[in-house]
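Coordinate-derived values only; no laboratory data. Because the structure is predicted, anything quoted here is derived from the model rather than measured. When we count neighbours, we look across all protein chains shown, and the Cβ atoms used for this are built from the backbone with ideal geometry, even at glycine.
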Amino acid sequence: HGQSAEVMFTLARAYMTRTRYTLAYACLSKLIELDPRSAKAYHWRGWVAERLNQAELAATDYRKAAELDPSILV
């Protein structure tokens, strides 16, 4: 679907605001499959991973986000 990435972002944001972090993580993982160059998706997934007490996963995603767009972590 042409708008799948936008749908995944919207769902992820909704789950994040409702502290449904496991579902948000799943949406962001799907989004990364659809658009592996999305720094925002990696950044958000890192944030969610932190809330899930997954520090190593968070660090990996934050590094990838910074690699794709160095200004994203500012």
Potential extension, K40-L73 segment - 0.36 nm per residue separation minus Cα distance: 10.9 nm
Phi to ³J(HN,Hα) by Karplus 6.51 cos²θ - 1.76 cosθ + 1.60 over the stretch 20-36, Hz, x for Gly, Pro: 9, 5, 5, 5, 4, 4, 5, 4, 5, 5, 5, 4, 5, 4, 6, 9, x
Added length on full extension, which subtracts the Cα-Cα distance from 0.36 nm per residue, R13 to E56: 13.3 nm
Residue-wise HN-Hα coupling along the stretch 67-74, computed from phi with Karplus coefficients 6.51, -1.76, 1.60 (Hz; x: Gly, Pro): 5, 6, 8, x, 7, 5, 9, 7
Whole-Hz ³J(HN,Hα) from phi, Karplus 6.51 cos²θ - 1.76 cosθ + 1.60, for the stretch 38-49, glycine and proline x: 8, 4, 4, 5, 5, 4, 5, 5, x, 4, 5, 4
Sequence ranges 22-29, 8-15, 63-70, 52-59, ranked by mean other-Cβ count within 10 angstrom, highest first: 22-29, 8-15, 63-70, 52-59
Estimated dipole of the stretch 1-68 in Debye, rounded to 20 [Cβ of Lys and Arg +1, of Asp and Glu -1, Cα centre]: 180 debye
Value of [θ]222 nm, deg cm²/dmol, for the chain, DSSP H segments ≥ 4, -39500 (n - 2.57) each, nearest 500: -24000 deg cm²/dmol
